[in-house]
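Asks: This is the structure I want to talk about, given as structure tokens.
Where a number appears in this text, it was derived from the coordinates with a stated rule and is not lab data. Quick caveat: nothing in here was measured; it's all calculated off a predicted structure. We place every Cβ from the backbone using ideal geometry, glycine too, and count neighbours over all the protein chains shown.
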Amino acid sequence: MGCKLSPSTDPQADYEGSVTPKGGVPAQIGVHGMAGNAFIQPGTSYAGQLLQDPWKFPIQAGIQRLLVFVGNPVPDDPTVIEEICDDGSRSTLLAYNYNPGANQISFTIKGIP
Amino acid sequence: MRTCGVTTVAVLVILSAPAAAQPGPATQRPAPDASQGLGIYQFAYGNERTFASKMKTSPHFSDWSREELRQFLAPGTAENLIKLALFAGGKSAHSKFLKAVEDARMDKQTGASATSEGTTSVVSKGLVSQALSLAVEEGALTRTDNKSIATFRGNALGIYRLLAGADQFPYCATYDQNCQSPLAERLSRFSFTGSFDTAPSSGATPAATTGSANKSVVTSGHAQQLSSWGFRYDQKIQKSKLDKQFQQDFHDTLKSLDGSAVSKAISDFLQNLDTATPPNQEYLTWLQDYMAELKGASADDKVKLADLMDRAVTRLTVILKKDPQYQTNLDNLLTKMGEYLGRRDKSLEPILNKYTWSVEYDDDRPQNQPTQSSIKVVFSWRPSSPGPAAPAGPLQLTFNANAAMYDHTPPQGAVKRFRDAQAAFQADRQLTGASAHIGAALTLGYYFQYMADNALLKIPSADLAPGTSIALPGDASVLLNTKGTIHIAQLGVTFTVSGTGIKVPLAISYSNRTELIKANNVRGHFGVSYDLDSLLAGRSATQ
């Protein structure tokens, strides 16, 4: 499938993946909603670095935060944050109800050298 | 005959409370008291809204995946972040957060309505401040005398929360109708006003019968301390969230909303918890302990779950406060998050509430005139979608229609009880973007009033009839040749200082006459208003 993130066994991390080598293919995230046109918003960051559309990031060593800001015009809409894998398939990171009053989701990612 | 008047400076002081429903911190007791019906959260911690569907379909947490349990407890995810920040920071934290959120909205009305003896606006705007607003204005549009009028505007929801001791300024996203309880949503539509004459004049009635003497008659005599009171109902007409055009507008409006500052603030606030290097063992132990406890809990047992979440956030706060940068990071988080959400709400306002309508009742008690009642209908409209180039939504149109009558039948049927009909139209155009430090809005207004009959004056007994030495035996009415129409045009600019709640309206108006004097009249209007949302929130933040 070419997905880079998998559930972690480390108690400090939600997901883990191999550190992206120099020149390697970064991980990519996406989002979709059921009724609403959900989208990733600016402010989304990984390891303290702001990301931009198409929301790709090279996995770094250690425990890093992936902070995703989501916009969705439909409150409480079932929304999915997902990894967009190399082959175009999507792997769910989190399925939840969208809360407009608190639109950020935080993941801890462990980068394995 | 043309007269010119330049009004003196007065100070508008406004209190207002934004409506919302995210509850305050749990303090030292179990979950926030949901019985008040004014908030949607039941637990002091836990992403209950984020996982609302999961909690309904799989109420036993033992059926949840590891990731779902972690995210239910994750301090950086969804509502947990603000719950943790507000619990840890207490009442001052909530005030600081809301101070950052509250932002001046273009269609907020904080002053007296057009027929008041002192106003800078020809129309009543579509939405009113949500708790209390106090405005003192100079400059009359349809009255002959200039007054310093202090107007209080109160909102039923804000007053209820103030009296009930509940958090007065909880936050809800402006487009989140699911956030407020039905009671809160209904209360937020009702507001009331009371206007007080802060500089009542008194003096003997002059002797003359010319137009200028009429003015003297009006401005002398006994003033009413309470110059008017009223109440109002507001109704927003929002677009369907499923509407394709609304969704596209929503995306276009928010796709470039800058979140860099709040993103850094969140990372700084949590860096010593879940991404600490070396790992924060206290936090990891907390996480493991509460994931284990959660597995033995059920969403159906709200009492047990509330107690569990209360203990979880209490213990997590202790861990959090061990960070030497805790207070700095907390203050920064509250400010940046509040600013971000407030900017978002302001950006969305033009595409959400395309139409608002209101019904207002006012009882006016003008000096030396019989008391009057009026019914007004207000309609407010933003005709165009802003697009990404104009995120503030530049144009707003407001229309008023009003009918007034005397509270009591005029003596001896001298004039009709129906006093006048009014109509007003105003266009406001935002000249600057949402991020400008000094905002400016241009206003063009037109006001029309039809006086169905001559106006009445009331002269208390023992005073002299104008132009004579005849003592009047009792309350008497002086009839003036004032039947007919009044036209007023006004051009103005309102400056707003971002982040301070200060607004400075400047306007010039031309009228063909006033109610009591048939002469052209040009007036300048100047006011300063201060939104006491910021003051109240800021005062609490410094306690």
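Asks: Using the Cβ atoms and a cut-off under 15 Å, what net charge is assigned to the surroundings of A:V74, where Lys and Arg are +1 and Asp and Glu are -1?
Replies: Around A:V74, the surrounding residues sum to -1.
Asks: Also, I was wondering about something else. Using label points projected 7 Å from each Cα along Cα→Cβ, tell me how many nm separate B:S256 and B:R315, to one decimal.
Replies: Calculated label separation equals 4.8 nm.
Asks: At 7 Å along the Cα-to-beta-carbon direction for both A:I112 and B:Y326, put a label point, then send me their distance in nm to one decimal.
Replies: In this crude spin-label approximation the distance works out to 3.5 nm.
Asks: Quick one: order B:I237, B:I488 by neighbouring beta-carbon count within 10 Å, fewest to most.
Replies: Least to most surrounded, the residues fall as B:I237, B:I488.
Asks: Here is a further query. Tally Lys and Arg at +1 and Asp and Glu at -1 over the other residues with C-beta under 15 Å from the C-beta of B:G76: what net charge comes out?
Replies: Here the count lands on -1.
Asks: Does the stretch B:258-300 come out rounded, prolate or oblate by the C-alpha gyration tensor, with a ≥ b ≥ c the root eigenvalues, rounded set by a/c under 1.5 and, if not, prolate when a/b is larger than b/c and oblate if not?
Replies: It comes out oblate by the Cα gyration axes.
Asks: Neighbouring Cβ atoms within 10 Å as the yardstick, rank B:V528, A:V74 fewest first.
Replies: The order, fewest Cβ neighbours first, is B:V528, A:V74.
Asks: Is chain A rounded, prolate or oblate when judged by the Cα gyration tensor, a ≥ b ≥ c being the square roots of its eigenvalues, rounded requiring a/c under 1.5 and prolate requiring a/b larger than b/c?
Replies: Cα axes put chain A in the prolate bin.
Asks: Something else about it: Let me make sure I get this right: for the stretch B:327-380, a, b and c are the square roots of the gyration tensor eigenvalues over alpha carbons, sorted descending. Under 1.5 in a/c it's rounded, otherwise prolate if a/b > b/c, else oblate. Which is it?
Replies: oblate
Asks: Starting from the Cα of A:D86, step 7 Å along the direction of its Cβ; do the same at B:S181; then give the gap between the two resulting points in nm.
Replies: 5.4
Asks: Let me ask you something else. Pairs of Cα atoms under 8 Å, at least six residues apart: use those to get the relative contact order of chain A, whole percent.
Replies: Here the relative contact order equals 35 percent.
Asks: Which links in B:K241/B:K321; A:K110/B:K244; B:K346/B:K376; B:K239/B:K336; A:K4/B:K295; B:K54/B:K255 stretch past 32 Å when you go from one Cα to the other?
Replies: The answer is B:K241/B:K321; A:K110/B:K244.
Asks: As a footprinting exposure proxy, order B:K244, B:K264, B:K91 by other Cβ within 10 Å, with the fewest listed first.
Replies: If I rank by nearby Cβ atoms, fewest first, I get B:K244, B:K91, B:K264.
Asks: By how many nm would the segment from B:S298 to B:I375 lengthen if fully extended, with 0.36 nm per residue of separation less the alpha-carbon distance?
Replies: Length difference between fully extended and current span is 22.4 nm.
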